[in-house]
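Accompanying notes for the structure given below.
The values are calculated or read from the model by the stated rules, or taken from the named source; none is laboratory data. No experiment lies behind these values; they were computed from the predicted model shown. Here the Cβ positions follow ideal geometry from the backbone for every residue, glycine too, while neighbour counts run over all protein chains shown. When the accessible area is computed, the model is the full protein with side chains, heavy atoms only, and any ligands, DNA or RNA have been set aside. Shrake-Rupley method; radii C 1.70, N 1.55, O 1.52, S 1.80 Å.
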Amino acid sequence: MKARIAVFVSGGGTNLQALIDAQGRELISGKIALVVSNNADAYALERAKKAGIATEVVLKKDYISQEAFEEKLKDILALHGIDLIVLAGFMTILTEQFTSCYPKRIINVHPSLIPSFCGEGFYGLRVHRAALDYGVKVTGATVHFVNELCDGGEIIAQKSVEILPGDTPEILQRRVMEQAEWVLLPQAAEKVCASILGGK
Ligand code: GAR
C-alpha cells in the first residue's frame, strides 16, 4: 500500500523534479499520482508528462469564486484518491475552506527559514531579494504543514544555507534550491507518507 501524492505547481517545477527523482530512487514510499497546475504554461507539467504522471490544469479565472476554484481542486483530489498534497512552488493561497479538509495532509516548501521572510507577498525571488536587502548572512528553506495561516503551519524540517558576497536573488535562489529545497522536500514528503501509512 502506498500513500497517493498530488503535487501542486505553478512554474518550473524543479521541486517536483526532486520528488520524481526521489521516487525513482525508491526514497519515497508514496506514489506521485497527480500533478495539479494553476498555470497552463508551467514547465512542471512537461516534467510530469515525461514521468508518466497524470496532470490537471485548474485556472482560477475559470471559476466565479475562490470557493468554486477550491471545490474543483477537492473534486479532483477525491477522484484520484489523494492522501497527501505537496505544494511545490504553488503560487496561490488556499483558504481555510480548503486547508481544513486536509489536516496534516498538506505540506509546503518555502525558500527561507520561517519565521523570517514569509507570509503574504513573500514568494519566489521576492523572498531572496528580501533576505539580501535585510543583510542576513544565513537563509535556507523550510518544509511545513499547511493550515489557514500563510506559511504558519507546524514546521517539519529546515535547512540553512550561507549567503555569500556578490549574491543576487537568482544566485541565492539556486543555492537554496540545490542545498536545501531539493533535499528537504523529498525527505519531508517521505516522513509524512510513512506516518500516513502507519496510521492506515
Ligand atoms: C521554490 O523556490 C519554492 O520554494 C518557492 O517557489 C519556487 C518554485 O520553484 N515557493 C514559494 O515561494 C512559496 N511561498 P520550482 O517551480 O522550480 O519548484
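Taking amide H positions as placed in the peptide plane 1.01 Å from N, state which residues far from residue 140 in sequence (5 or more) or on other chains have amide H under 5 Å from it.
Those lying under 5 Å, H to H, from residue 140 are 113, 161.
Please work out how much length the chain gains when fully extended from residue 104 to residue 78, using 0.36 nm per residue of separation minus the C-alpha to C-alpha distance, in nm with one decimal.
7.7 nm
Helix by helix, which DSSP H runs in the chain go 18 Å or more along their axis at the Cα atoms and have an average Kyte-Doolittle hydropathy of -0.5 or more?
Passing helices, by number: 66-79, 182-198.
Over all alpha-carbon pairs in segment 29-144, figure out the percentage whose distance exceeds 18 Å.
58 percent
Whenever you get a sec, compute what percent of the accessible area on segment 87-165 sits on carbon and sulfur atoms (1.4 Å probe).
Carbon and sulfur: 55 percent of the exposed surface of segment 87-165.
Which whole-number percentage describes the relative contact order of the chain, with Cα contacts under 8 Å and a sequence gap of 6 or more?
The normalised contact order for the chain reaches 22 percent.
Restricting the count to DSSP beta bridges whose residues both fall in the chain, what percent are antiparallel, rounded to a multiple of 5?
Bridges in the chain are about 40 percent antiparallel.
Residues with amide H under 5 Å of residue 31's amide H, sequence separation 5 or more or different chain, H placed in the peptide plane at 1.01 Å from N; which?
3, 4, 5
Ranked from the most accessible area to the least, with a 1.4 Å probe and all protein chains present, what is the order of 2, 61?
If we order 2, 61 from most to least accessible, we get 61, 2.
Suppose only helical runs count, i.e. DSSP H with n ≥ 4. What mean residue ellipticity at 222 nm does that imply for the chain under -39500 (n - 2.57) per run, divided by all residues and rounded to the nearest 500 deg cm²/dmol?
When only DSSP H runs of four or more count, the value is -10500 deg cm²/dmol.
Using the alpha-carbon centroid of each, what span in Å lies between segment 140-188 and segment 1-49?
So the two Cα centres are separated by 18 Å.
Per residue, how many Å² of accessible area does segment 128-200 show with a 1.4 Å probe?
The answer is 50 Å² per residue.
Can you tell me which lysines have their Cα less than 22 Å from the Cα of residue 50? Leave out same-chain residues fewer than eight positions away.
Straight-line reach from residue 50, under 22 Å: 2, 31.
How much accessible surface area, in Å² rounded to 10, belongs to the heavy atoms of residue 100 with a 1.4 Å probe?
70 Å²
Taking the convex hull of the Cα atoms, report for segment 77-200 its projected area averaged over all directions, in nm².
Averaged projected hull area, Cα only: 7.6 nm².
In a GNM of the chain with a 10 Å cut-off on Cα contacts, which of 24, 140, 89 has the highest mean-square fluctuation?
24
Only Cα pairs within less than 10 Å get springs; with that Gaussian network setup on the chain, which residue of 45, 59, 19 has the largest fluctuation?
Between 45, 59, 19, it is 59 that shows the largest mean-square fluctuation.
Would you mind getting me the FRET efficiency between residue 61 and residue 137? Use the beta-carbon distance for r and R0 = 35 Å, nearest 0.05.
Step by step, r from the Cβ atoms, then E = 0.25.
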